[in-house]
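Step one of this worksheet: look at the structure below.
The values are calculated or read from the model by the stated rules, or taken from the named source; none is laboratory data. Bear in mind the structure is a predicted one, so any value in this text is a computation, not a measurement. Neighbour counts are summed over all protein chains in view; Cβ atoms, including those assigned to glycine, are modelled from backbone coordinates with ideal geometry. Calculation scope for accessible area: heavy atoms of the full protein, side chains included, ligands and nucleic acids excluded. Shrake-Rupley method; radii C 1.70, N 1.55, O 1.52, S 1.80 Å.
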Amino acid sequence: MRKVSAVSAGILTGILILGSAGCDKLKSRDDINKGIAAFKNAKYGDAVEMFKQAAALDPDNPNARLYLATSYMSQWIPGAESPENLQFASMAKEEFLKVLEKTPADPTALASLASIAYNQAGSLPPDKKAEKLDEAAGWYKKLIEADPKNKEAYYSLGVISWSKWYPALMTARAELHMKPEDPGPIKDKKVKEQLKEKYSAMVDDGIANLQKALDIDKEYDDAMAYMNLLIRERADLLDNPDEYKKQIEIADAWVQKNLDTKKAKAARTPATGGIVQDAPK
């Protein structure tokens, strides 16, 4: 019997390794499909195990880890403080970050990390809340770099600006014994200047981001609603009552545009008792 040469042995070993790797990739894809089926049936624990196996078998495939992260995130309830619930958020974040190590511009991972940070901010004290909102804004900005036409990212930046500005404005009004429905502008010059210095640029930036969202989707009614709020509340920082009135009229116009847009959308939706049917084949 002839001896196998060292070169031939090396080639054979390489073929075996490639074959094993190919089998692992096929098994990984099969586990992904099983995980997706479990996920669709709300069997998130089973889905997690399938996606874990898929990621271990094919570490270079970002989809398995993306599905795994999404499965963790789907089990997380924002605001619930149980250790198990907080762990779901932590594991989801960890897996999304691993996705970004392979594909730094993955829009799903970026949007999900932004969403986790934004929702975590809701249950935090003011100083920690601001930090989380800044974290969310950072992810949304990266999402815009990856996907410049992402209207939700621009919209979310506008909402974050409002979320940081509105409590400060309401606190200032309350300390000046102004009711929420009392017209502005704020009459205490010192308080107004302090608000301007800290929040004016932020509010302007929020309005600009909402406008970018509306440039992408002219019927983006949620963006219209926040455009109304930011313009209406920014008017409190004006010095002239006439200028204040003009800005309130602009805000009112956004309210009307929001209502008109929602009505137009509803008119285009088929009346099917609340169920939109598929178009005829």
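One line per residue, one yes/no per condition, for (1) among the polar types (S, T, N, Q); (2) in contact with a helix residue (DSSP H, G or I) (Cβ under 8 Å, 6 or more places away or on another chain); (3) more than 21 Å from Met178 (Cβ to Cβ); (4) modelled with pLDDT of 95 or more:
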| residue | (1), (2), (3), (4) |
| --- | --- |
| Leu214 | no, yes, yes, yes |
| Asp222 | no, yes, yes, yes |
| Met227 | no, yes, yes, yes |
| Pro241 | no, no, no, no |
| Gln256 | yes, no, yes, yes |
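Note on the stretch 92-131: residues that are closer than 19 Å to Ile160 by Cα, in contact with a Phe, Trp or Tyr (Cβ under 9 Å, 6 or more places away or on another chain) and open to solvent by 40 Å² or more (accessible area, probe 1.4 Å) total 2. Residues in the stretch 214-233 that are within 15 Å of Val255 (Cβ to Cβ), in contact with a Lys or Arg (Cβ under 7 Å, 6 or more places away or on another chain) and open to solvent by 50 Å² or more (accessible area, probe 1.4 Å): there are none.
Here Val48 meets each of (1) modelled with pLDDT of 85 or more; (2) open to solvent by 60 Å² or more (accessible area, probe 1.4 Å) with one exception, condition (2).
Would you say Lys142 is open to solvent by 50 Å² or more (accessible area, probe 1.4 Å) and part of a helix (DSSP H, G or I)? The answer is yes for Lys142. Each residue in the stretch 41-65 was checked for being over 19 Å from Asn119 (Cβ atoms) and part of a helix (DSSP H, G or I), and 17 of them qualify. Is at least one residue of the stretch 95-103 within 23 Å of Tyr155 (Cα to Cα) and touching a residue at least 40 places away in the same chain (Cβ under 8 Å)? Checked the stretch 95-103: no residue is within 23 Å of Tyr155 (Cα to Cα) and touching a residue at least 40 places away in the same chain (Cβ under 8 Å). For the subset of the stretch 181-208 comprising residues that are open to solvent by less than 100 Å² (accessible area, probe 1.4 Å), farther than 18 Å from Lys246 by Cβ and assigned to a loop (DSSP other than H, G, I, E, B), which member is modelled with the highest pLDDT? Going through the qualifying residues, I end up with Asp188.
Condition (residue is among the β-branched types (Val, Ile, Thr) and at pLDDT 90 or above) applied to the stretch 88-104: is it met by at least one residue? Checking the stretch 88-104: at least one residue is among the β-branched types (Val, Ile, Thr) and at pLDDT 90 or above. When the test is whether a residue is open to solvent by 40 Å² or more (accessible area, probe 1.4 Å) and either over 25 Å from Tyr140 (Cβ atoms) or in contact (Cβ under 8 Å) with a residue 24 or more places away in the chain (or both), Leu259 passes it.
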